[in-house]
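Please treat every number below as a calculation from the coordinates, not as lab data. Model, not experiment: these values are computed from the prediction. Every residue, glycine among them, receives a Cβ derived from its backbone with ideal geometry; neighbour counts consider all protein chains shown.
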């Protein structure tokens with residue numbers, strides 16, 4: 001007796017892939033739960049998520065580069081302020097004991 005081949009909708013495949021990418025589950029866990037092979041699950045992932053190396057990204061414009069540089073500097077400044085605040089709060093906490 002032959003086995004019947006199951007078919008899945010594209011939405012079902014996207015939802016299964018989302019369990020891995022967004023839900024934090026492993027390929028093996030999702031494949032086992034859905035009773036499909038890991039190979040099939042990986043094929044679905046490739047189909048739903050194109051290879052990022054193959055997608056063409058536009059280079060940044062000059063204004064985007066300037067903003068990126070400004071944001072990186074601001075981020076570094078805020079990180080230093082946060083680090084300082086942590087040290088100060090630790091110092092005050094030790095002084096109250």
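Before moving on, here are some points about what is shown:
- Taking 0.36 nm per residue of sequence separation and removing the Cα-Cα distance, the residue 40/residue 85 pair yields an extension gain of 11.2 nm.
- Highest average first, the peptides 24-36, 3-15 ordered by how many other beta carbon atoms sit within 10 Å of their residues are 24-36, 3-15.
- Helix-only [θ]222 nm of the chain, DSSP H runs n ≥ 4, -39500 (n - 2.57) each, per residue, nearest 500: -22500 deg cm²/dmol
- Label corresponding to volume of the Cα convex hull per residue in Å³ when calculated from the structure given, among [x] 145; [y] 90; [z] 190: [z]
- Extent along principal axes [Cα atoms of segment 56-97; Å; largest to smallest]: 57, 19, 6
- The length gained on full extension between residue 78 and residue 47, counted as 0.36 nm times the residue separation minus their Cα-Cα distance, comes to 7.1 nm.
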